[in-house]
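**Student:** Below you'll find the structure I mean.
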Amino acid sequence: MIDIAVVDYGMGNLRSVAKALEHVAPDHRVVVTSDPAEIEAAGRVVFPGQGAMPDCVRELDARGLREAVIAAAADKPFLGICIGLQLLFEHSEEGDVAGLGIIPGQVKRFAAADMHDAVGSKLKVPHMGWNQVYQSGKHPLWAGIEQGARFYYVHSYYVQPQDAAIEAGYSEYPARFTSCVARNNIFAVQFHPEKSQHDGLQLLANFVRWNGVSN
Amino acid sequence: MLAKRIIPCLDVTDGRVVKGVNFLELRDAGDPVEIAKRYDDQGADELTFLDITASSDNRGLILGIIEQVASQVFIPLTVGGGVREVDDVRRLLNAGADKVSINTSAVLNPQLVADAAGRFGSQCIVVAIDAKQVGDHWEVFTHGGRKATGINAVDWARKMVALGAGELLVTSMDRDGTRVGFNLPLNRAISDAVDVPIIASGGVGNLMHLVEGVKEGGADAVLAASIFHYGEFTVRQAKEYMREHDIEVRL
């Protein structure tokens, strides 16, 4: 029995994600896999991702994982991380590419040239480092995590869900952007919980215990 | 608001953390895994490991160290030193590094930066620029600061970002290990020239230097070694000091 499948489609370093899950759930079997059958057999699924979105879509399809991911996102406790959040959407400005279309909405780029902080310093893209995450509402995955806790981000694109009600959390850079979404059995975040020290591990521990009900 | 980052740097040789002055006179500072855990406990935002092992025999040691750290410390880890080809980047990422820093090899073969960023994403490619004042400008040096390249450091920063670097680690060779503070004009010039975050490095001797690096140098992150290694300041003290000076930090 596989407890947690981490979907491996050749994009980015999944070791950190697996290590962090093993750390918070030592009694669970965590498998990093590119086998659709293992994803189907798993009790819960983590969908990470790094790099450029067009490459991610191509590699996902090259491994025949699209259907398995869509099926998992339909009924299992499902955690998307970084590009694993963006891929759930319909379309990304990065490479003008279609995502999996599981969540209606777009992925947009930060407008680097126009971004300044409160004292006028230029804000860099990628948005890299520890930013505060504000919880848009109650959710089991926020258990034990304070409003405004800092998580580690590294990204140049952000999601814009069509349905504002699925926003689970947001950050500011400098404008407010949706950084977490929750819908039924899906919870997906732009930041990296596996690299966000105590609060990140808390979120992963919450995911491991989650029954997949958002509302 | 996004916090400015404090990054303790661990220079590792033959499996031990060391610290030198102007890249010379190495002094033992302890076990890398123990030191990494200590800085994580103190609230470090990331950790950088630079493998300065001279002999190729002991180069593999860094992989084991990163594996051990990555299974116990859940903050971003950057590893640099001796990265020559895309396969070196892959090995370090597989060992648990989140970012890989490329220095001399970027000068010898700029295409490596493009290839590595294309393969693994810009977010994990840091280009380290060692610069020294030469006349009225800053010049890039390689081989741990021993070799002049004739390349203008600010032009080089722009070129590296164009090729795919997601972050720049800017070290002033004139200041490294001297404890007299960052080279602020150098950091400011590079920070203003590119859109990606820059890490200021080289010369930190007190906590005011960290504040200056952010406020005057325009750094998105500050890197320091000796002020932390010998117990002079904790990372937490450094962050409290920065907060007192109106810099956003994670505490």
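**Student:** Using a 1.4 Å probe on protein heavy atoms, which residues of the range A:1-32 have at least 30 Å² less accessible area in the complex than alone?
**Tutor:** A:N13, A:R15, A:K19, A:H23
**Student:** Might you report the magnitude of the Cβ-based charge dipole of chain A about its Cα centre, with Lys and Arg at +1 and Asp and Glu at -1, to the nearest 20 debye?
**Tutor:** On the way: 18 positive and 24 negative charges, 87 e Å.
Using Cβ point charges on Lys, Arg, Asp and Glu, chain A gives about 420 debye.
**Student:** First select every other residue whose beta carbon is under 15 angstrom from the beta carbon of B:V127; then total the charges, Lys and Arg +1, Asp and Glu -1. All intermediate terms of the calculation are to be shown ahead of the outcome.
**Tutor:** Values: positive: A:K124, B:R84, B:K99, B:R158, B:K159; negative: B:D88, B:D115, B:D130, B:D155, B:E167, B:D195, B:D220.
The answer is -2.
**Student:** State in Å² the accessible area per residue of the range B:180-251; use a 1.4 Å probe, count heavy atoms of protein chains only, and round to the nearest integer. Can you show the working numbers first?
**Tutor:** Numbers: 2430 Å² over 72 residues.
Accessible area per residue, the range B:180-251: 34 Å².
**Student:** Under 15 Å from the 7 Å Cα→Cβ point of A:Q160, by amide nitrogen: which residues of the range A:175-190?
**Tutor:** A:175-179
**Student:** Sticking with this one: Give the interface area between chains B and A as buried accessible surface, both sides summed, probe 1.4 Å, in Å² to the nearest 100. Each step should come with its number before you reach the end.
**Tutor:** Numbers: alone 10610 and 9510 Å², together 17260 Å².
Accessible area lost upon association: around 2900 Å².
**Student:** Return the single residue from B:I125, B:I198, B:I151 with maximal mean-square fluctuation; model: Gaussian network over chain B, springs between Cα atoms under 10 Å.
**Tutor:** Maximum fluctuation in the GNM of chain B, among the listed residues, is at B:I151.
**Student:** Sticking with this structure for a sec: Quick one: among B:G166, B:G81, B:G121, which has the greatest mean-square fluctuation in a GNM of chain B with alpha-carbon springs under 10 angstrom?
**Tutor:** With Cα springs under 10 Å in chain B, the top fluctuation among B:G166, B:G81, B:G121 is at B:G121.
**Student:** Let me ask you something else. In the range B:193-220, what residues drop by 30 Å² or more of accessible area when the other protein chains are put back, versus the chain on its own? Use 1.4 Å, and skip ligands and nucleic acids.
**Tutor:** SASA drop of 30 Å² or more in the range B:193-220: B:D195, B:P197.
**Student:** To the nearest Å, what is the center-to-center distance of the range A:167-182 and the range A:85-102, using C-alpha atoms only?
**Tutor:** When both Cα centres are located, 17 Å separates them.
**Student:** So, one more: With a 1.4 Å probe and every protein chain kept in, tell me what percent of the accessible surface of chain B is carbon plus sulfur.
**Tutor:** Numbers: 4370 of 9220 Å².
Carbon with sulfur: 47 percent of the solvent-accessible area.
**Student:** With r as the distance between the Cβ atoms of B:D155 and B:R179 and R0 = 30 Å, compute the FRET efficiency 1/(1 + (r/R0)^6) and round to 0.05. Before the final figure, lay out each step's value.
**Tutor:** Values: r = 29 Å, r/R0 = 0.98.
Between B:R179 and B:D155 the formula returns 0.55.
**Student:** Here's another thing I want to ask about it. Loop only by DSSP, 12 or fewer other Cβ within 10 Å of the Cβ. Give me the chymotrypsin sites (Phe, Trp or Tyr not before Pro) in the range B:1-89 that pass, ordered by residue number.
**Tutor:** Numbers: sites: B:F23, B:Y39, B:F49, B:F74; in loops: B:F23, B:F74.
Counting only loop positions with at most 12 other Cβ atoms within 10 Å, none of the chymotrypsin sites (Phe, Trp or Tyr not before Pro) in the range B:1-89 qualifies.
**Student:** Rounded, prolate or oblate: pick one for the protein assembly as shown, where a ≥ b ≥ c are the square roots of the eigenvalues of its C-alpha gyration tensor, a/c under 1.5 means rounded, and failing that, prolate if a/b is larger than b/c, else oblate. If you can, show how the numbers build up before the last one.
**Tutor:** Working: a/c = 1.65, a/b = 1.57, b/c = 1.05.
Because a/c hits 1.5 or more and a/b exceeds b/c, the protein assembly as shown counts as prolate.
**Student:** Label A:H91 and B:Q133 with points 7 Å out from Cα along Cα→Cβ: what is the distance between them in nm?
**Tutor:** Once both label points are built, they end up 5.3 nm from each other.
**Student:** Over 20 Å between C-alpha atoms is what I'm after, so list which of B:K4/B:K132; B:K99/B:K239; A:K122/B:K215; A:K124/B:K37; B:K37/B:K239; A:K195/B:K37 land there. Could you put the intermediate results ahead of the total?
**Tutor:** Values: B:K4/B:K132 25 Å; B:K99/B:K239 23 Å; A:K122/B:K215 12 Å; A:K124/B:K37 29 Å; B:K37/B:K239 18 Å; A:K195/B:K37 14 Å.
Exceeds cut-off: B:K4/B:K132; B:K99/B:K239; A:K124/B:K37.
**Student:** Here is a follow-up. Evaluate the distance, in nm, between pseudo-label points positioned 7 Å from the Cα of B:L26 and of A:D117 along their respective Cα→Cβ axes.
**Tutor:** Calculated label separation equals 3.6 nm.
**Student:** Suppose each label sits 7 Å from its Cα in the direction of the beta carbon; what would the B:Q237-A:K138 distance come out to in nanometres?
**Tutor:** 4.4
**Student:** Got a sec? Charge dipole of the range A:12-134, +1 on Cβ for Lys and Arg, -1 for Asp and Glu; which of A:A37, A:C56, A:Q132 is way out at the positive end?
**Tutor:** A:Q132
**Student:** Next up: Accessible area per residue, 1.4 Å probe, Å², for the range A:38-136: what's the number?
**Tutor:** Working: 3540 Å² over 99 residues.
Per residue, the range A:38-136 has an accessible area of 36 Å².
**Student:** Continuing with this model, one more query. Taking a probe of 1.4 angstrom, what is the accessible area of A:R150 in Å², to the nearest 10?
**Tutor:** Accessible area of A:R150: about 30 Å².
**Student:** Short version: which residues of the range A:127-167 lose at least 50 Å² of accessible area, all chains versus chain alone, 1.4 Å probe?
**Tutor:** Listed by number, the residues meeting the 50 Å² cut-off are A:M128, A:W130, A:R150, A:Y152.
**Student:** Please report, as a whole percent, how much of the solvent-accessible surface of the range A:80-212 comes from carbon and sulfur atoms (probe radius 1.4 Å).
**Tutor:** Values: 2220 of 4730 Å².
In the range A:80-212, the share of accessible area belonging to carbon and sulfur is 47 percent.
**Student:** Sticking with this one: Assuming a ≥ b ≥ c are the square roots of the Cα gyration tensor eigenvalues, decide whether the range B:141-215 counts as rounded (a/c under 1.5), prolate (otherwise, with a/b larger than b/c) or oblate.
**Tutor:** On the way: a/c = 2.30, a/b = 1.28, b/c = 1.80.
Here the range B:141-215 falls in the oblate category.
**Student:** Suppose every K and R has +1 on its Cβ and every D and E has -1 on its Cβ; what is the size of the dipole of the protein assembly as shown about the Cα centre, in Debye to the nearest 20? Walk me through the numbers before you get to the answer.
**Tutor:** Values: 44 positive and 59 negative charges, 55 e Å.
It works out to roughly 260 debye.
**Student:** I would also like to ask the following. Does the range A:158-215 come out rounded, prolate or oblate by the C-alpha gyration tensor, with a ≥ b ≥ c the root eigenvalues, rounded set by a/c under 1.5 and, if not, prolate when a/b is larger than b/c and oblate if not? Numbers along the way, then the final one.
**Tutor:** Numbers: a/c = 2.90, a/b = 1.18, b/c = 2.46.
Taking the square roots of the gyration eigenvalues as a ≥ b ≥ c, the range A:158-215 is oblate.
The values are calculated or read from the model by the stated rules, or taken from the named source; none is laboratory data. Values in this document were obtained by computation on a predicted structure and should not be read as measured data. Don't worry about glycine lacking a Cβ; one is built from the backbone with ideal geometry, like all the others, and counts go over all protein chains shown. Please note that ligands, DNA and RNA were not included when accessible areas were found on the heavy atoms of the full protein model with its side chains. Shrake-Rupley method; radii C 1.70, N 1.55, O 1.52, S 1.80 Å.
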